Amino acid sequence: MRGWTGAAGNKFVGLSMWETVRRLVTIGEIEEARGLLTKAKLLPEYNRRWWKVAVDALVNARRFSELAQMAEAAARSGGPPIGFEPIVALLLENQQFDLARGLVGKCKDMEQVASFYETLGMREEAMKAQQLAEQQRRSAIGGTSLLTGWSSTIAGAMRGGFTRS
């Protein structure tokens, strides 16, 4: 281990695995915590839980730059399994606007992105995100109403456009 085992105030004896991980993250030993979970064969199966514990510990320890760095590093491999949205929300809640601004563009839920931009005072970006959210909603339901889809199918069949294979 890296010297943290005997440090005063950092007692790990008798703690659960996840509480040990939480404490390691709190004192800045993120890689050590991740390594512990890997050795215990809890990763990648419990990757979502790892992220929730790590994010919570970093926010409670007010280690926001480390949280943003961790999220940025995860972006290179597809992003955190919990998504960027909860991380950005926590950064904004704790008034870490510059750090949040760097991660908003990585979020997928455009309604939340619009809300985040609004909180950051970026009205133009918020309006664009809201328009994209509306497009997402429309494409999620097929872009047209059920009746419009049926009527165009029937009209195509009547014009001879419908064939059975």
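Observations on the model:
- Taking 0.36 nm per residue of separation and subtracting the Cα-Cα distance, full extension of the segment from GLU124 to ILE27 would add 31.0 nm.
- Note, ³J(HN,Hα) from phi for the stretch 115-124, Karplus 6.51, -1.76, 1.60, rounded to Hz, x at Gly and Pro: 5, 4, 4, 4, 4, 7, x, 9, 4, 5
- Cut-off 11 Å (backbone N to label point 7 Å along Cα→Cβ of LEU132), residues of the stretch 84-113: 104-113
- 20 Å Cα-Cα reach of LYS52 towards lysines, excluding residues that sit fewer than 8 places from it in its own chain: LYS39, LYS41, LYS106, LYS108
- Footprinting exposure proxy ranking of TRP50, TRP18, fewest other C-beta atoms within 10 angstrom first, gives TRP18, TRP50.
- FRET efficiency, 1/(1 + (r/R0)^6) with R0 45 Å, evaluated for LEU15 and SER139 via beta carbons: 0.45
- Sparse-neighbour loop sites [GluC sites (Glu not before Pro); the stretch 26-130; at most 10 other C-beta within 10 Å; DSSP]: GLU45
- Exposure proxy ranking, count of Cβ atoms within 10 Å, fewest first, for LEU15, LEU103, LEU90: LEU15, LEU90, LEU103
- Taking the number of Cβ atoms within 10 Å of each Cβ as an exposure proxy, the fewest-first ranking of ILE87, ILE82, ILE30 is ILE82, ILE30, ILE87.
- Loop-located chymotrypsin sites (Phe, Trp or Tyr not before Pro) in the stretch 93-142 whose Cβ has at most 16 other Cβ within 10 Å (DSSP): none
Values quoted throughout were computed directly from the atomic coordinates according to the rules given, and no laboratory measurement underlies them. Note that this is a predicted model, so its numbers are computed, not measured. Neighbour counts are summed over all protein chains in view; Cβ atoms, including those assigned to glycine, are modelled from backbone coordinates with ideal geometry.
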